[in-house]
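Structure record follows, encoded as structure tokens.
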Amino acid sequence: MSDSPTVLITGCSSGIGLAAALEMKTRGWSVWATARKPEDMQRLREQGFNALELDVADPESIGQAVSDLREATDGKLKALVNNAGFGQPGALEDLSRDQMRYQFEVNVFGLQDLTNQLLPDLMKNGDARIVHISSVVGRVALPFLGIYSASKFAVEAMADAQRVELDGTGVHVSLVEPGPIVTKFSVNAVDQGTELLQGTETRFRDLYTEGLDQRKNAGGTKPFALPPEAVAKKIAHALTSNRPRCRYKVTFPAYLGAVLSRVAPDSLIDAILTRELRKRKK
């Protein structure tokens with residue numbers, strides 16, 4: 001077995017997860033990269049990763065992945081990067097209970113279930129790291145991303161709590177708040193939004209249609225957006241630094257959101273977001 005430190009990174013089919021896997025592989029780490037689809041797992045193997053099938057919304061899949069990883073590595077796990085997740089668009093009034101539940105199953109419950117199951121290995125090895133990929137909307141909630149924002153607020157709260165709970169164990173918890181990143185996230189959001197439109201009678205139909213068209217025509221570009229490699233650098237710092245930070249912000253909107261959440265009154269934030277919404281309605 002290799003003496004290289006071992007990291008498990010979830011959601012590595014593309015975007016931030018794949019960039020983080022490549023970054024840590026370049027740094028000499030033994031990378032276990034997860035994906036749900038067989039074709040994605042095959043591509044990961046071809047790139048030299050240990051591919052692991054994992055659907056974080058499925059407790060049985062989590063249990064099997066933990067068992068397979070533990071057997072393959074003899075429990076010698078140095079770090080966990082919880083990247084797998086998605087964003088469910090839509091006004092809260094338009095979301096079904098099942099849609100809201102699934103958002104939390106993936107972004108919150110699955111993330112924490114996997115973390116808890118791997119904690120014995122991390123604590124046994126000492127000086128271990130847990131990194132959760134959060135979002136600027138885990139600081140400032142956005143309209144039409146309310147349930148996604150709620151899931152990221154939950155991740156932030158859990159990380160803050162568990163960071164203190166793990167005091168003295170040698171396990172440090174960090175949050176990475178990317179902001180806009182050029183990935184397939186927007187494409188997946190379009191798919192989710194299209195599905196929402198097909199099954200919902202909503203007073204926001206025109207706004208949804210316009211927003212979906214804008215995302216489709218954006219060509220993957222976003223204001224202030226950075227490539228996923230920028231996030232991977234922050235993840236690498238959290239995994240390798242002698243003094244990892246509690247939070248890492250990546251883009252300008254992430255820094256701005258952090259400032260607004262600390263110093264701006266709720267009424268000001270509401271006024272800014274309401275003004276933007278009214279512009280879109282015209």
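Under the condition of being over 18 Å from the mean Cα position of the chain (by Cα), assigned to a loop (DSSP other than H, G, I, E, B) and not small (G, A, S), which residue from segment 145-188 is surrounded by the most Cβ atoms within 10 Å (Cβ to Cβ)?
Checked segment 145-188; the qualifying residue surrounded by the most Cβ atoms within 10 Å (Cβ to Cβ) is L166.
Could you say which residue among V106, V140, V155, V56 is among the β-branched types (V, I, T), over 23 Å from A232 (Cβ atoms) and modelled with pLDDT of 95 or more?
Going through V106, V140, V155, V56 in turn, the sole match is V140.
For S67, state whether it is surrounded by 22 or more Cβ atoms within 10 Å (Cβ to Cβ) and either among the hydroxyl-bearing types (S, T, Y) or touching a Cys at 6+ places or on another chain (Cβ under 6 Å) (or both). Lay out the reasoning, then the answer.
Working: surrounded by 22 or more Cβ atoms within 10 Å (Cβ to Cβ): no; either among the hydroxyl-bearing types (S, T, Y) or touching a Cys at 6+ places or on another chain (Cβ under 6 Å) (or both): yes.
Taking the combined requirement at face value, the residue does not satisfy it.
Across segment 29-40, what is the total count of residues that are more than 19 Å from the chain's Cα centre (by Cα) and closer than 23 Å to G75 by Cβ? Break it down stepwise before answering.
Keep residues of segment 29-40 that are more than 19 Å from the chain's Cα centre (by Cα), which gives 29-30, 38-39.
Of the ones still in play, those that are also closer than 23 Å to G75 by Cβ are 29-30.
Here the count works out to 2.
Can you name the residue in segment 70-86 that is among the hydrophobic types (A, V, I, L, M, F, W, C) and not in a strand (DSSP E or B) and is also surrounded by the fewest Cβ atoms within 10 Å (Cβ to Cβ) among such residues?
Filtering segment 70-86 for residues among the hydrophobic types (A, V, I, L, M, F, W, C) gives 72, 77, 79-81, 84, 86.
Okay, now just the ones that are also not in a strand (DSSP E or B), so 72, 77, 84, 86.
Numbers: A72: 15, L77: 24, A84: 25, F86: 17.
Step by step, filter segment 70-86, then rank; the result is A72.
Take segment 225-265 and flag every residue that is within 23 Å of G126 (Cα to Cα), among the hydroxyl-bearing types (S, T, Y) and out of contact with any helix residue (DSSP H, G or I) (no Cβ under 8 Å at 6 or more places or on another chain).
T240, S241
Counting only residues that are assigned to a loop (DSSP other than H, G, I, E, B) and either touching a strand residue (DSSP E or B) at 6+ places or on another chain (Cβ under 7 Å) or of a type in the set (A, V, I, L, M, F, W, C) (or both), which one in segment 92-134 is surrounded by the fewest Cβ atoms within 10 Å (Cβ to Cβ)?
Selected residue: L95.
The values are calculated or read from the model by the stated rules, or taken from the named source; none is laboratory data. Because the structure is predicted, anything quoted here is derived from the model rather than measured. Methodologically, a virtual Cβ is constructed for each residue, glycine included, from the backbone with ideal geometry; neighbour enumeration extends over all protein chains shown.
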